[in-house]
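Novice: The structure under discussion is supplied below as structure tokens; questions concerning it will follow.
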Amino acid sequence: MMEIYDESFQDFMKRAIKALNKSNIQYIIIGGVAITIHGRPRSTTDLDIIIQGNKAQIKELEKCLKDEKFDVPPDKIQIAYQDKIHCSIFGETSFFRLDIKGPTSLLDKQALEKPISIILLDEETYVEIPEAVIVAKLTYGSEQDWKDAFSILLRLGDKLDFKLLKKLAEQETVSKELTELIKEYEEE
């Protein structure tokens with residue numbers, strides 16, 4: 001018989017954020033959830049996270065995730081972190097997943113240095129700054145990524161740090177794409 005899960009994405013995220021905070025590892029939420037926070041609501045079945053820590057901190061994260069009912073194979077996060085790849089960790093009570101990676105680019109490292117702290121689902125949570133989310137989406141380059149980046153620009157507008165945005169775009173070699181995005185925004 002097929003197993004049926006009824007856990008909501010919000011409950012899944014709350015368990016994940018609790019484990020991250022309890023472990024005391026440095027982290028930021030990126031991806032679809034960051035888009036929803038900064039730009040527009042959009043569906044997702046995963047929580048994308050960048051972490052930074054030593055072996056002991058990653059081991060503690062694995063323990064905390066297990067305590068929150070995540071299926072964490074031994075050393076899976078540590079191996080992915082060392083190999084500079086992401087790993088997927090599934091909840092034992094849902095079909096949602098965590099996609100966890102260490103910083104693999106300068107943009108990732110910079111985003112970890114100055115996250116935004118918000119209260120999400122009654123938990124202090126660290127989220128990638130909107131300027132870095134926009135630039136990351138422009139580097140990926142799909143139509144969905146463009147819409148995601150545009151939604152942040154549309155929602156936050158003048159609240160964005162355009163000097164920082166242009167600096168990050170230049171660093172990631174997406175200045176042309178940012179110029180096009182801003183032009184489209186100004187025509188809106």
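Read the figures in this text as sums done on the coordinates, not as results from a lab. These numbers come from a predicted model, not from an experiment. For neighbour counting, all protein chains shown are included, and Cβ atoms are generated from backbone atoms with ideal geometry for every residue, glycine included.
Novice: Which of Pro115, Ala16, Thr36 sits farthest toward the positive end of the charge dipole of the stretch 1-128, with +1 on the Cβ of Lys and Arg and -1 on the Cβ of Asp and Glu?
Specialist: Pro115
Novice: So how tilted is helix 9-23 from the main axis of the chain? Cα-based, degrees 0 to 90, rounded to 10.
Specialist: For helix 9-23, the angle is close to 80 degrees.
Novice: Another question, then. What is the dipole size for the chain, taken about its Cα centre, with +1 at each Lys and Arg Cβ and -1 at each Asp and Glu Cβ, in debye to the nearest 20?
Specialist: Dipole about the Cα centre, nearest 20: 500 debye.
Novice: Further, regarding this structure: So for each of 144-155, 71-82 I average, over its residues, the number of other beta carbons within 10 Å; can you give me the resulting order with the highest mean first? Intermediate values should be presented prior to the final figure.
Specialist: Values: 144-155: 18.9, 71-82: 16.2.
Result, highest mean Cβ count within 10 Å first: 144-155, 71-82.
Novice: Report the gain in length on full extension from Leu164 to Ile116: 0.36 nm times residue separation, minus Cα-Cα distance, nm rounded to one decimal.
Specialist: Length difference between fully extended and current span is 15.8 nm.
Novice: Work through the residues other than Glu186 whose Cβ is under 13 Å from its Cβ and net out their charges, Lys, Arg +1 and Asp, Glu -1.
Specialist: -4
Novice: Still on this structure: Measure nothing fancy, just the Cα-based angle from helix 143-156's long axis to the longest principal axis of the chain, in degrees from 0 to 90, nearest 10.
Specialist: For 143-156 against the chain, the angle is about 70 degrees.
Novice: Provide the FRET efficiency to the nearest 0.05 for the Asn21-Asn54 pair, computing r from the beta carbons and using R0 = 22 Å.
Specialist: The computed FRET efficiency comes out at 0.80.
Novice: So how tilted is helix 175-187 from the main axis of the chain? Cα-based, degrees 0 to 90, rounded to 10.
Specialist: 70 degrees
Novice: Putting +1 on Lys and Arg Cβ atoms and -1 on Asp and Glu Cβ atoms, find which of Val127, Leu178, Leu153 reaches farthest to the positive end of the dipole of the chain.
Specialist: So the residue furthest toward the plus end is Val127.
Novice: Also, quick follow-up: List the pairs from Lys109/Lys137; Lys101/Lys166; Lys18/Lys166; Lys59/Lys114; Lys114/Lys137 whose alpha-carbon separation is above 27 Å, in the order I gave them.
Specialist: Lys18/Lys166
Novice: Would you work out the relative contact order for the chain, in percent, from Cα pairs under 8 angstrom that are 6 or more residues apart?
Specialist: 22 percent
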